[in-house]
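First the structure, in the form of C-alpha cells, and then the observations on it.
The values are calculated or read from the model by the stated rules, or taken from the named source; none is laboratory data. The structure presented is a predicted model; accordingly, all values stated were derived computationally and were not measured. Glycine also receives a Cβ, built like all others from the backbone with ideal geometry; neighbour counts cover every protein chain displayed.
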Amino acid sequence: MESSDVSSGAGAARWLSIHDDLLRGLAHAFSNRVATVGGIAALLDSSRVPDERVVSGLRSDADRLNGLLEQLRQLPRRDDADLEPLMPGDSVRAALALFEHHAGYRDARCTVVVADDVQPVRVDPASLRHALCVALVSTTRVGAGHAGATRAGVRVALSTEGDVVRIEVSTDGSTGEGDADALALDAGAISWLLARSHGRGHASPYGCLIELPTLAASRRAQESAG
C-alpha cells in the first residue's frame with residue numbers, strides 16, 4: 001500500500017466535484033422540506049383552528065431544516081482554519097450525515113467499527129470531514145461498480161497504531177485492476193485536504209485509508225519545532 005500525491009489543482013478539482021454532488025443533494029433535501037412547509041402553511045391558512053398534528057408537523061420540518069442548514073455550513077473549507085483536538089469518530093458521524101445526501105449513493109449501507117483505543121487527533125475539522133466524504137464516495141463507487149447497484153456495503157474502521165490513528169474505509173469485496181487509478185486520485189485528494197493536519201490518504205485493495213498523527217504525537221512535534 002502506498003500513499004498518493006497529487007498536485008494542489010488535482011486535489012482541489014477532485015474535492016470540488018464531490019462537494020458539488022453533496023451540495024446538489026442538500027439542495028434537493030431543502031427543496032423537499034420547503035415544499036412540505038408550504039403545504040402545511042396552506043392548511044393553516046384554510047383552517048381557523050389549526051390541527052395539533054399540522055402544528056407538530058410544522059415543528060418537525062423546522063427542526064429538519066435547521067439540521068440541513070447545519071450540514072450545509074459544513075461544506076465550505078478555509079485554508080486558515082485552526083487545528084483543533086477532536087475524536088475522529090465524531091468526524092466520521094458528521095461525514096456520514098453529509099454522505100447520505102450524495103445523489104448517487106443515498107442507499108449505500110455503511111457500518112462503523114471503532115476500536116476501544118482510538119486516540120484523539122489535532123486537525124482542521126472541516127478538512128477531515130471532507131476527506132472522509134472523499135473516501136466514502138470513492139469506496140462506495142468502486143463497490144457499487146462491482147456489485148452493480150448503489151447498495152454496496154461500506155465499512156469504516158477506526159483504530160490506533162502507535163502514534164497514528166487509522167480510518168479505513170473499505171468495500172465488501174476486492175477492487176478491480178481498473179479501479180487503481182481512480183482510488184489513487186482520491187487518496188491524493190485526501191492527502192491534499194489533510195496536508196495542514198499532517199494526514200495522509202492511501203489507496204488500499206479495498207478502498208481508502210486515512211492516517212493521522214495522534215493528538216499526543218502532534219503536540220510532541222509542535223514542542224520539538226518550537
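For the residues GLY57, GLY89, GLY104, GLY38, the requirement of being part of a helix (DSSP H, G or I), at negative phi, modelled with pLDDT under 90 and under 16 Å from the mean Cα position of the chain (by Cα) singles out GLY104. Restricting the stretch 76-130 to residues that are touching an Asp or Glu at 6+ places or on another chain (Cβ under 8 Å) and of a type in the set (Asp, Glu), the residue that is nearest to ALA27 (Cα to Cα) is ASP124. In the stretch 188-206, the residues that are at positive phi reach residues that are among the basic types (Lys, Arg) with C-beta atoms within less than 9 angstrom, at least six apart or across chains, in these pairs: HIS198/ARG122. Taking the conditions (1) modelled with pLDDT of 95 or more; (2) not in a strand (DSSP E or B) in turn, ARG151 satisfies each one other than (1).
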